[in-house]
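Student: Let me begin by handing over the structure; questions about it come next.
Rule-based calculations on the coordinates, nothing more; no lab input. Being a predicted model, the structure only gives us computed values, none of them experimental. No Cβ is skipped: glycine too gets one built from the backbone with ideal geometry, and neighbour counts run over all protein chains shown.
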């Protein structure tokens with residue numbers, strides 16, 4: 001049990017996140033999504049990743065990832081690189097991943113599951129709690145539904161721009177239209193799920209733009225100081 005009380009919204013986000021990861025997604029079934037989460041936890045201990053991280057260029061080091069043997073090599077490469085050295089990913093690497101046969105939208109779904117897993121596990125470590133046991137995968141097949149408005153944008157991955165949101169995707173920008181919100185929109189459920197975590201752990205889009213009130217136990221200035229410091233340490237260039 002954590003020594004500091006945890007807000008109900010965070011506990012709810014944690015529960016919903018693990019349930020979402022266990023369910024069939026858009027391009028992957030439940031067992032594959034849980035396997036992605038498991039590999040996300042395994043990646044930090046990979047020797048190849050450590051050697052690449054220490055090298056002047058990660059692309060100068062060949063080898064095989066130490067992995068759990070549950071996913072294809074290209075998917076393992078994505079998970080390990082996104083977890084251990086995301087600041088040095090480059091477009092050629094992304095293009096080579098797609099050339100292996102993985103669809104752009106499948107890549108986006110993977111990133112969503114990885115990011116959600118990291119958020120949950122990082123919070124647990126910060127609070128001095130053990131990692132939550134991974135959920136049992138749910139039954140069913142992925143929907144394989146691609147939003148009608150998906151098109152190339154200013155990022156590597158395609159997205160649904162605010163002007164292209166219609167029908168089921170009409171809610172994607174209810175909380176703002178920053179590029180970071182656009183990144184996962186080609187797989188809408190991942191975008192919605194990840195930003196439900198953001199709203200619980202940080203601030204909602206509405207709260208971010210509201211400087212007339214303090215929405216957390218610490219002030220907005222303290223929140224942004226922490227966010228900026230963590231971003232710098234993680235080499236987040238956004």
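Student: Averaged across orientations, what area in nm² does the convex hull of the alpha carbons in segment 73-172 project?
Tutor: Convex hull of Cα atoms, orientation-averaged projection: 8.8 nm².
Student: Over all directions, how big on average is the projection of the convex hull of the alpha-carbon atoms in segment 127-229, in square nanometres?
Tutor: Convex hull of Cα atoms, orientation-averaged projection: 9.6 nm².
Student: I'd like the distance between the alpha-carbon centres of segment 31-95 and segment 2-18, rounded to an integer number of Å.
Tutor: Computed from Cα coordinates, the inter-centre distance equals 29 Å.
Student: Now for a separate question. Please report, to two decimal places, log10 I(q)/I(0) for segment 8-201 at q = 0.14, 0.15, 0.19 Å⁻¹ as given by the Debye formula with identical point scatterers on the Cα atoms and no solvent.
Tutor: -0.83, -0.96, -1.47
Student: Can you put 80, 65 in order of Cβ neighbours within 10 angstrom, beginning with the fewest?
Tutor: Ordered by Cβ neighbours within 10 Å, fewest first: 65, 80.
Student: Next question, about the same structure. Using packing as a proxy for protection, rank 218-231, 45-58 so that the peptide with the highest average count of other Cβ atoms within 10 Å comes first. Write down the numbers at each step before the final one.
Tutor: Details: 218-231: 12.1, 45-58: 14.5.
Top of the packing list down: 45-58, 218-231.
Student: Given a cut-off of under 8 Å on Cα pairs at least six residues apart, what relative contact order in percent is computed for the chain?
Tutor: With pairs under 8 Å counted, the relative contact order is 24 percent.
Student: In addition: Across segment 26-88, what fraction of all alpha-carbon pairs, as a whole percent, falls in each successive 10 Å bin from zero upward?
Tutor: Result returned by the calculation: 22, 54, 20, 4.
Student: If you count, for each residue, the other Cβ atoms within 10 Å and average over each peptide, how do 175-187, 200-212, 97-109, 128-140 line up from highest to lowest?
Tutor: 175-187, 97-109, 200-212, 128-140
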